[in-house]
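Everything on this sheet refers to the single structure shown next.
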Amino acid sequence: MIYLDNAATTYKKPECVKKAVIDALSGMGNCARGAHGGALSAARAIHQVRELAAELFHCQRPDHVILTANSTEALNIAINGLINPGDHVIATDLEHNSVLRPLYRLRDERNVSVDFLPADKQGRLDYTGFEAAIRPETKAIVTTHASNLTGNILDIERIGAIAEKHGLLYIVDASQTAGSFDIDMQKQHISVLCFTGHKGLMGPQGTGGLCIAEGVHIRPFKVGGTGVHSFSETQPDSYPEALEAGTMNGHGLAGLAAGLEYIIKTGTKKIHAHEISLMHRFAKGVRDIPGVILYGDFSGDRAPIATINIGNLDSAYTADILAQEFDIAVRAGAHCAPRMHHALGTEKQGAVRFSFGWFNTADEVDSAISAVRNIAEE
């Protein structure tokens, strides 16, 4: 199989990740639930994840790295724990439902107002819209770093500077960029960075987290056992325990630690250069095929995603042909990005997303180009 669905999850993992999970399953206990060897091995592995994530994302304190099941949980923790009734939030049309649905729920249930900066037909934003949308009651800006549909990236340093200038929180969804882009929370003025482990960080599913800047206090989204302060009726106040209730996925997090080590050793610049070269190779190969529509802005840097449609073919039908006749795995449909599809005009047809990863090759890309040409000709 040629796997080109890395924006959903990375299929091939470094060998060190697989080994770390197997070793953890063989000898890891429950973090903070004892002083025996198994519990201590879990505690060491989880602390290692915090240190490595803090290093990769330039988070000032490892204890401000909160570990979750995925970026959806991380975003829910950040959005629900920071936004209050009567607050105003600015987001964009590029957002995934992991941002949209928490904001819609706050709008409908907590009297929170939300403005979405519109995207044009290539998924681009007018950055002057951020400052124009700010009100006295504005509390935060929430944006993705890169669209999971078009691959367009946002200038998060520019947006972060606007947020800092106006005393606003800046929450960033790095689901599509963590592991292949340089992210510096301090330089980019990020208050909370949300990430998942199973995509660019090359870890197992069921892992993720959020990195929190100094001085940002998030209310717990869930409460329960933490292994400390058991007689207190309330959740501990300090990070990370304040936001980590319940048994953690120690086995998966051991794999995430190995993925983070692999990325830091390899270098995000090297990873990004390889992935983006494959994406451009594909885009160049399909853009002039009659009937093929290529979505997004390719004029500058971007995530390694290229999304197309072929004529009026339903996107799911195209993906089925790719899978059944060419053994190529892609993602079709709405991609949990409804506002972006409205902007592109693809809400009925959907779109076919090709997303490239570190372990893909140029030969695989050429096979995908040939398959698209074959389908378009037929």
Using a basic spin-label model with each label point 7 Å from the Cα along Cα→Cβ, how many nm lie between LYS265 and PHE359?
1.6 nm
In nm, to one decimal, how far is the modelled label at VAL223 from the one at GLU157, with both set 7 Å along Cα→Cβ?
4.2 nm
Pseudo-spin-label distance SER370 to PHE231, built 7 Å along Cα→Cβ, given in nm, is 7.2 nm
Nothing charged except the Cβ atoms of Lys and Arg (+1) and of Asp and Glu (-1): what's the magnitude of the dipole of the chain about its Cα centre? Round to the nearest 20 debye.
360 debye
Read phi for every residue in region 172-180 and hand back ³J(HN,Hα) as whole Hz from Karplus 6.51 cos²θ - 1.76 cosθ + 1.60, θ = phi - 60°, with x for Gly and Pro.
10, 8, 9, 4, 9, 10, 4, x, 10
Please arrange MET1, MET185 by accessible surface area, largest first, computed with a 1.4 Å probe and ligands excluded.
MET1, MET185
Taking 0.36 nm per residue of separation between ALA334 and LYS19 and subtracting their Cα-Cα distance, the length gained on full extension comes to 109.9 nm
Over the heavy atoms of LYS12, what accessible area does a 1.4 Å probe trace out, to the nearest 10 Å²?
100 Å²
Accessible surface, 1.4 Å probe, highest first, among residues GLU95, GLU55, GLU233:
GLU233, GLU55, GLU95
Apply the membrane-span-like helix rule to the chain: whole DSSP H runs, Cα extent along the own long axis of at least 20 Å, mean Kyte-Doolittle hydropathy at least 0.0. List the helices found.
37-57, 250-266, 362-377
For THR138, other-chain or 5+-apart residues with amide H closer than 5 Å (H placed, Pro excluded) are HIS88
Sorted by chain and number, the residues with a modelled amide H under 5 Å from that of VAL292, at a separation of 5 or more or across chains, are GLY311
Could you work out which residue, out of GLY179, GLY333, GLY203, moves most in a Gaussian network model of the chain, that is, has the largest mean-square fluctuation with Cα springs under 10 Å?
GLY333
Which value, in Å² and to the nearest 10, is the accessible area of SER26 when all protein chains are kept and the probe is 1.4 Å?
100 Å²
Of all the accessible heavy-atom surface of region 277-359, with the other protein chains kept in place and a 1.4 Å probe, what percent is carbon and sulfur?
50 percent
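What accessible area per residue comes out for the chain, rounded to a whole number of Å², with a 1.4 Å probe?
Accessible surface, normalised per residue, equals 42 Å².
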Which ³J(HN,Hα) values in Hz, rounded to whole numbers, follow from the phi angles of region 202-215 under the Karplus curve 6.51 cos²θ - 1.76 cosθ + 1.60, where θ = phi - 60° and Gly and Pro get x?
6, x, x, 5, x, 10, x, x, 9, 9, 10, 6, 4, x
Counting sequence-distant residues (5 or more places) and residues on other chains, those with an amide H built under 5 Å from that of GLY208 are THR68, ASN70, GLY197
Please compute the length gained on full extension between LYS187 and TYR317, using 0.36 nm multiplied by the number of residues separating them and subtracting their Cα-Cα distance.
42.4 nm
Rounded to the nearest 10 Å², what accessible area does GLU241 show when all protein chains are kept and the probe is 1.4 Å?
60 Å²
With all protein chains present and a 1.4 Å probe, the order of LYS348, LYS18 from largest accessible area down is LYS348, LYS18
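The values are calculated or read from the model by the stated rules, or taken from the named source; none is laboratory data. Bear in mind that the values here come from a model prediction, so they are computed numbers and not experimental data. Neighbour counts run over all protein chains shown; Cβ positions are idealised from the backbone, glycine included. Side chains included, ligands, DNA and RNA excluded: accessible areas come from the protein's heavy atoms. Shrake-Rupley method; radii C 1.70, N 1.55, O 1.52, S 1.80 Å.
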